[in-house]
Every structure is written in C-alpha cells, then in structure tokens.
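First the structure, which I've put down as structure tokens, then a few questions once you've had a look.
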Amino acid sequence: MRVISGKFKGRKLFSPNGDRVRPTADRIKESIFNILTSKDALDGVLVLDLFCGTGGLGIEALSRGAKKIVFADIDLESLEFTKKNLQHINAELSEYEIYHADYTLALKKLEGKNFDLIILDPPYGKNYFDCLILISELKILSENGFIVFEYSDKLCLQNFENEYIIETRNMGNTKVSFLSLR
C-alpha cells in the first residue's frame with residue numbers, strides 16, 4: 001500500500017497483517033482519484049474519511065491537494081495505523097483531525113461542518129447505506145461536494161436517486177459510486 005500521486009507520491013503506508021482491515025487496492029484508489037481529479041474535486045477541499053481504516057484514502061486526498069482531512073473510525077488499532085501513516089508522511093497537525101467513534105456518532109459530532117468530499121469505505125458485506133441518509137439529514141456535504149462510496153459488488157445502491165446524482169463504476173468485485181446532491 002502506497003501513496004499513488006501528489007506531494008507524498010511513492011510513500012509506503014503501513015497496514016495490519018491479516019484481513020481484518022481491507023485497504024483499498026492501489027489500482028482502485030488510482031481510479032477513484034483520477035475521477036475526482038477530472039471533476040476538480042480535490043484542490044483545497046475539506047474531506048471526511050469515514051471508516052478510515054489505515055487512512056490511505058484520506059492521505060491520498062491530502063497528497064493531491066486537499067486542505068484538511070477528518071479521519072473517523074471505531075477501531076482503535078485502525079486509528080493507530082492512521083496516526084502512524086500521518087507521522088510517516090510528515091503531515092502537519094493542522095492538516096487533519098482524528099475521531100474515535102462509530103459512524104453514526106462521528107457524523108452527528110460533525111454536524112454543521114461543510115465537507116467538500118466524503119469518503120465512505122465501510123467493511124465489506126454489510127449495508128451501510130444509512131450513512132447517505134444521515135449525511136443528507138445532517139447537511140454535512142457542501143452544495144457542490146461529492147461522496148465516494150466503495151462497497152461490495154454484491155450490494156446494490158438504490159432508493160437514493162431523489163436525493164443524489166449517482167455515477168457508479170464496477171471495479172472487479174468492488175463498486176464505487178460517486179454521489180452529488182441534486
């Protein structure tokens with residue numbers, strides 16, 4: 001696992017052994033961020049990396065020009081890897097915040113923030129689509145912001161077309177949806 005592009009390009013990132021945490025594959029990460037770059041969705045933005053795991057996606061956003069990343073996860077070991085990775089790339093303290101909380105509590109704590117990019121990469125095999133409802137209810141996505149939602153190809157994202165414009169890409173056994181407010 002490494003940073004693909006930007007000011008931290010090529011830096012190796014640490015992750016736990018085993019399959020308890022599933023970092024996004026480099027090829028999928030590269031595709032996600034190429035799409036975001038084409039949408040001009042990274043430069044100077046405020047990002048929420050929910051279910052951050054080892055922080056790889058948020059760190060990639062930071063490397064590519066995001067102003068600040070808010071990392072949130074319920075798993076303490078994952079957050080320790082996130083901290084270790086941020087220290088390894090020499091990120092400035094002003095460039096990030098870290099929250100230890102489950103996703104519903106984290107979203108409620110962040111009510112009133114106006115994120116330009118929200119990255120959702122929850123554990124596979126479970127339906128965390130209620131995040132989209134909470135994000136909408138709490139109004140934490142900026143008017144021109146994007147949500148990147150990575151999930152298993154066995155799940156189907158539906159019933160959100162009234163609230164969001166949805167563009168989905170199939171990437172092997174992974175789906176990535178890019179959502180923006182209608």
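Within the bounds of segment 74-86, is there any residue that is within 19 Å of Cys131 (Cβ to Cβ) and touching a residue at least 40 places away in the same chain (Cβ under 8 Å)?
Yes, segment 74-86 has at least one match.
Please go through (1) within 16 Å of Asn162 (Cα to Cα); (2) hydrophobic (A, V, I, L, M, F, W, C); (3) buried (at least 22 other Cβ atoms within 10 Å of the Cβ) for Leu120 and return the number of the only condition it doesn't satisfy.
Exception for Leu120: condition (1).
Mind checking whether some residue in segment 121-137 is under 20 Å from Thr37 (Cα atoms) and not in a strand (DSSP E or B)? So that I can check it myself, show each step before the final result.
Within segment 121-137, the first condition is being under 20 Å from Thr37 (Cα atoms), and the residues that meet it are 121.
Now narrow it down to the ones that are not in a strand (DSSP E or B): 121.
There is at least one residue in segment 121-137 that is under 20 Å from Thr37 (Cα atoms) and not in a strand (DSSP E or B).
Can you find a residue in segment 156-173 that is under 16 Å from Lys39 (Cα atoms) and among the basic types (Lys, Arg)?
There is at least one residue in segment 156-173 that is under 16 Å from Lys39 (Cα atoms) and among the basic types (Lys, Arg).
Only residues that are in contact (Cβ under 8 Å) with a residue 40 or more places away in the chain and under 23 Å from Phe129 (Cβ atoms): list them for segment 26-45, please. Before the answer, list the steps.
First, the residues of segment 26-45 that are in contact (Cβ under 8 Å) with a residue 40 or more places away in the chain: 27-28, 31-32, 35-36, 39, 41-42, 45.
Selection gives Ile28, Ser31, Ile32, Ile35, Leu36, Lys39, Ala41.
Could I ask something else about it? Give me the residue from segment 144-174 that is farther than 21 Å from Asp116 by Cα and in a strand (DSSP E or B) and, out of that set, most open to solvent (accessible area, probe 1.4 Å).
Looking only at segment 144-174, we keep the residues that are farther than 21 Å from Asp116 by Cα, and these are 152-159, 170-174.
Retained after the next criterion (residues that are in a strand (DSSP E or B)): 152, 170-171, 174.
Details: Ser152: 12, Asn170: 117, Met171: 21, Thr174: 5 Å².
The selected residue is Asn170.
Another question about this same structure. Report, by residue number, each residue of segment 68-94 that is within 15 Å of the chain's Cα centre (by Cα) and not aliphatic (A, V, I, L, M).
Lys68, Phe71, Asp73, Ser78, Thr82
The values are calculated or read from the model by the stated rules, or taken from the named source; none is laboratory data. Everything numeric here is computed off the predicted structure, so don't read it as measured data. Every residue, glycine among them, receives a Cβ derived from its backbone with ideal geometry; neighbour counts consider all protein chains shown. Protein only, heavy atoms only, side chains kept; ligands, DNA and RNA dropped before computing areas. Shrake-Rupley method; radii C 1.70, N 1.55, O 1.52, S 1.80 Å.
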